[in-house]
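I have placed the structure first, in the form of C-alpha cells, so that the comments after it can refer back to it.
The values are calculated or read from the model by the stated rules, or taken from the named source; none is laboratory data. Keep in mind that this is a model prediction, so the values were computed, not measured. All Cβ positions, glycine included, derive from the backbone under ideal geometry; neighbour counts span all protein chains shown. Accessible surface is based on the protein model in full, side chains and every heavy atom, while ligands, DNA and RNA are left aside. Shrake-Rupley method; radii C 1.70, N 1.55, O 1.52, S 1.80 Å.
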Amino acid sequence: MRSYTEYLTLHLPSRTGFVNISEQVAECVRKSGVQEGLALVNSMHSTSSIFVSFDEPGLHEDFNRWLEGLAPFDNSGTRYLHNSRTGEPNADAHMKRQLMGRQVVLAITKGQLDFGPFEHVFYGEFDGRRPKRVLVKIIGE
Amino acid sequence: MRSYTEYLTLHLPSRTGFVNISEQVAECVRKSGVQEGLALVNSMHSTSSIFVSFDEPGLHEDFNRWLEGLAPFDNSGTRYLHNSRTGEPNADAHMKRQLMGRQVVLAITKGQLDFGPFEHVFYGEFDGRRPKRVLVKIIGE
Amino acid sequence: MRSYTEYLTLHLPSRTGFVNISEQVAECVRKSGVQEGLALVNSMHSTSSIFVSFDEPGLHEDFNRWLEGLAPFDNSGTRYLHNSRTGEPNADAHMKRQLMGRQVVLAITKGQLDFGPFEHVFYGEFDGRRPKRVLVKIIGE
C-alpha cells in the first residue's frame, strides 16, 4: 500500500469565498504514484469546507446568499452564545461549514481523480483573512 | 490490496426522487472480493446525492417537502443568478444536493457492508429526467 | 494492509446532545497499529450524526437552536408524514442528522489522528434515551 500526505495553505483576503483546488489535488495524486485508491481532502479548521460542485460563479454567489439566509452572520450578541462567550464572531461560519461539509473522499482510477465531467473540488471559506490548512491524504496502490 | 470500480447509471423519469441502491452496492462488494475495507459511493453529478437513511416512504416525502422549503425551485430569474446566467433552472438542485451529501463511505467487514439494522444507501435525484452516474470504489483486502 | 473494526455504544439520557468521542477514536487508532491510513467513523443509526467541530459548549447550544429552527420537532401530525405513519415522532431527527452528517473520514499520519489544532470528533444525538452504535473502521499500514 502507498500513502501520501500533503498540507495545502489557503489565505483568502475576504471573510468568505470559494476556491477551485482541483488542480492542486490532482497534483497530489500524481505525486503519490497511486493508480487505484482513495483521496481524502478535508479542511483542518471548523469554519471552512471542502466540497464538490459545478464551477460557475453565479452558482457560487447563489450559495453565498443561501448560506447567509440559513445561518446569518450576526454579532448582536443575541443570536449566538458562541460569539458572546468567546468574543469570536464566527458561530455562523461553523454552521455554514456544516451545510457545505468538512471533507470529500475522491476515487482514484488509473492514476487520475475519477470525476464526473462537471465535478470540481472547492475550498469554501467562511471566516477568512488568515492562513488556513487543508489536508490531502491518499492511500492505495 | 484489492480495488474495484463500478459505475451505476440511474435515470429517473421525474425531476426528484429517492432510490434505494443498497442491493447494487452490496453486489459490487461481492464482486470486489474485499473482506475488510471501505466502499466509497458518490454521485458523479452536482445535482444528485448519495446518502444513508431509513427506508420509509413517508420520511422520503418529508425530506422532499423539507428540501423544497430550504432550497426552493424558482425559475423566476430573481432568486438564483445561476438560472438566469446559464439558462439551466437547477440552482436549487445544487443546494438540495449539498444538504443531502455527495458521497458516503461504508465499512466492509467480513465481506459484507457493515450497516446498522435500518441503514440503507440511497440515490437522491434533484434534477432528473436524464441518465446520471454513480461511482462505487472499493479498496481493501 | 491492516484493518481494525470497533463498535462504540452511546446512550444519552436526553433526546439530543453532543459528545466528544475524540479520545475513544484515538484509542482505536492506537489499537489498530496503523501508521498511515484512514479512519471512518459513522453512526449506525439514521437519527444520529458524527461530525468534526470546535469543542465549545456555547457553540453546541447554538447548533441545537439552529437545528431546531431548520428542522423542528413537531408531533402535531400535520408537518411530518413519517411521524403519523409510523408512530415514531422522529422525522426531525432524520433531518437534523442530514445537516450534521452521518460520517467523517479522518487521516492517520505517523500513527496519530491528523487533526487541525481545534478539530474534535463528536457524536450528535437527535433521538436518544436508548443505546446507539458508532462504527470505527480503520485501514492502512
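Counting the residues of the range A:70-86 that are open to solvent by less than 60 Å² (accessible area, probe 1.4 Å) and farther than 15 Å from residue A:125 by Cβ gives 9.
Scanning the range B:100-141 for residues that are more than 20 Å from residue A:51 (Cβ to Cβ), more than 7 Å from every other protein chain (Cβ to nearest Cβ) and of a type in the set (D, E, K, R) returns B:110, B:129, B:130.
Quick grid of which residues meet (1) within 11 Å of another protein chain (Cβ to nearest Cβ); (2) among the acidic types (Asp, Glu):
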position	(1), (2)
B:5	yes, no
B:10	no, no
B:24	no, no
B:28	no, no
B:36	yes, yes
B:40	yes, no
B:45	yes, no
B:50	yes, no
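The set of residues in the range B:11-39 being within 14 Å of residue B:104 (Cβ to Cβ) and open to solvent by less than 10 Å² (accessible area, probe 1.4 Å) consists of B:21, B:25, B:28, B:29, B:38, B:39. The residues in the range B:76-99 that are of a type outside the set (Asp, Glu), over 13 Å from residue A:67 (Cα atoms) and more than 7 Å from chain A (Cβ to nearest Cβ) can be counted, and the count is 11. Among residues of the range A:48-83 being more than 18 Å from residue A:18 (Cβ to Cβ) and at pLDDT 95 or above, the one that is nearest to the chain's Cα centre (by Cα) is A:72.
Close Cβ contacts (under 9 Å, 6 or more residues apart or on different chains) running from residues in the range C:27-46 that are closer than 18 Å to residue A:136 by Cβ to residues that are basic (Lys, Arg) and crowded, with 24+ Cβ neighbours inside 10 Å comprise C:36/A:137; C:37/A:137; C:38/A:137; C:38/C:137; C:39/C:137; C:40/C:137. For the range C:52-68, filtering for residues that are under 20 Å from residue C:128 (Cβ atoms) and either among the polar types (S, T, N, Q) or open to solvent by 10 Å² or more (accessible area, probe 1.4 Å) (or both) leaves 9. Restricting attention to the range B:115-135, the residues being of a type outside the set (Gly, Ala, Ser), open to solvent by less than 20 Å² (accessible area, probe 1.4 Å) and touching a Ser or Thr at 6+ places or on another chain (Cβ under 7 Å) number 8.
Just so you know, in the range B:91-106 the residues that are closer than 16 Å to residue B:21 by Cα and among the aliphatic types (A, V, I, L, M) include one that is surrounded by the fewest Cβ atoms within 10 Å (Cβ to Cβ), and it is B:100.
Would you check if there is a residue in the range A:40-51 being open to solvent by 10 Å² or more (accessible area, probe 1.4 Å) and assigned to a loop (DSSP other than H, G, I, E, B)? Yes: one or more hits. Just wondering, is there one or more residues in the range C:4-15 that are closer than 25 Å to residue B:60 by Cβ and aromatic (Phe, Trp, Tyr)? No, the range C:4-15 contains no residue that is closer than 25 Å to residue B:60 by Cβ and aromatic (Phe, Trp, Tyr). Among the residues of the range A:1-39, the ones that are part of a loop (DSSP other than H, G, I, E, B) and touching a His at 6+ places or on another chain (Cβ under 9 Å) come to 1 in all.
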